[in-house]
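The values are calculated or read from the model by the stated rules, or taken from the named source; none is laboratory data. Just so we're clear, the structure is a prediction, and the values are computed from it rather than from any experiment. All Cβ positions, even for glycine, are placed from backbone atoms using ideal geometry, and neighbour counts span all protein chains on display. Note: accessible area is taken over every heavy atom of the protein model, side chains too, but ligands, DNA and RNA are not part of it. Shrake-Rupley method; radii C 1.70, N 1.55, O 1.52, S 1.80 Å.
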Amino acid sequence: FVKVKLNQAKMLFFSPDSIELSERVTVSDFQWNLVDSSGKTVNFKEMEGDVILVNFWATWCPPCVAEMPSLNKLYADYKDKISFVFVANDNVESVNAYLKKNQYDLPVYYSSDNAPTALYSQSIPATFLIDDQGKIVMKEIGSSDWNSTNVRNQIDELLAFSLAE
């Protein structure tokens with residue numbers, strides 16, 4: 001509880017920043033098998049060409065729990081505009097209980113093989129915002145406010161650019 005509250009306090013002052021254009025890494029391999037909460041296999045390749053937010057998390061991780069309300073708010077407003085991939089590093093029962101308790105309706109997946117190298121992190125939470133060209137536009141390891149004006153402006157800019165193409 002204390003660790004969650006400390007992470008939430010940190011989030012009042014920190015939100016993700018966009019990565020400079022010259023520093024952006026491209027996800028070169030979208031071959032990544034995921035399993036959704038109903039047991040259906042989904043390949044990350046199906047989302048290639050979309051604006052995607054990928055979040056690696058777990059119910060036992062205080063920073064993950066701390067940032068989840070901001071991610072849930074972002075998802076509520078953008079779920080029909082971008083693809084969200086919440087990859088749980090946890091068991092299905094714990095995740096389902098956590099989602100139900102907090103009244104979150106998030107698209108949770110479980111990785112059945114290794115994530116693309118560009119999305120690798122030794123720590124969670126790890127969150128990546130990927131543009132429609134596969135470039136990582138935002139990357140944050142640790143808790144952050146994903147419902148910030150900065151994040152929303154970046155997503156809106158990516159969507160406007162995507163529609164203009």
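So here's what we get for this one:
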read-out: Lysine pairs within the chain, Cα separation less than 21 Å, 8 or more sequence positions apart or different chains; value: 22
read-out: Fraction of beta bridges assigned by DSSP in the chain that are antiparallel (%, nearest 5); value: 70 percent
read-out: Debye, to nearest 20: dipole size of region 15-165, +1 on Lys, Arg Cβ, -1 on Asp, Glu Cβ; value: 400 debye
read-out: Accessible area (Å², per residue) of the chain, counting only protein heavy atoms and a probe of 1.4 Å; value: 53 Å²
read-out: Solvent accessible area, Å² - Phe161, 1.4 Å probe, full protein context; value: 120 Å²
read-out: Inter-centroid distance (Cα atoms) of region 51-72 relative to region 119-165, Å; value: 13 Å
read-out: Heavy atoms of Met47 accessible to a 1.4 Å probe, total area in Å² rounded to 10; value: 20 Å²
read-out: With DNA, RNA and ligands ignored, accessible area of Glu157 (1.4 Å probe; Å², nearest 10); value: 120 Å²
read-out: Rg/Rh ratio calculated on Cα atoms of region 40-106 (Kirkwood radius); value: 0.96
read-out: Zero-based 10 Å bins, Cα pair distances in the chain, whole percents; value: 10, 42, 38, 10, 0
read-out: Probe 1.4 Å, all protein chains present, accessible-area order of Val25, Val87, Val35, largest first; value: Val25, Val35, Val87
read-out: Share of carbon and sulfur in the accessible heavy-atom surface of the chain [1.4 Å probe, %]; value: 50 percent
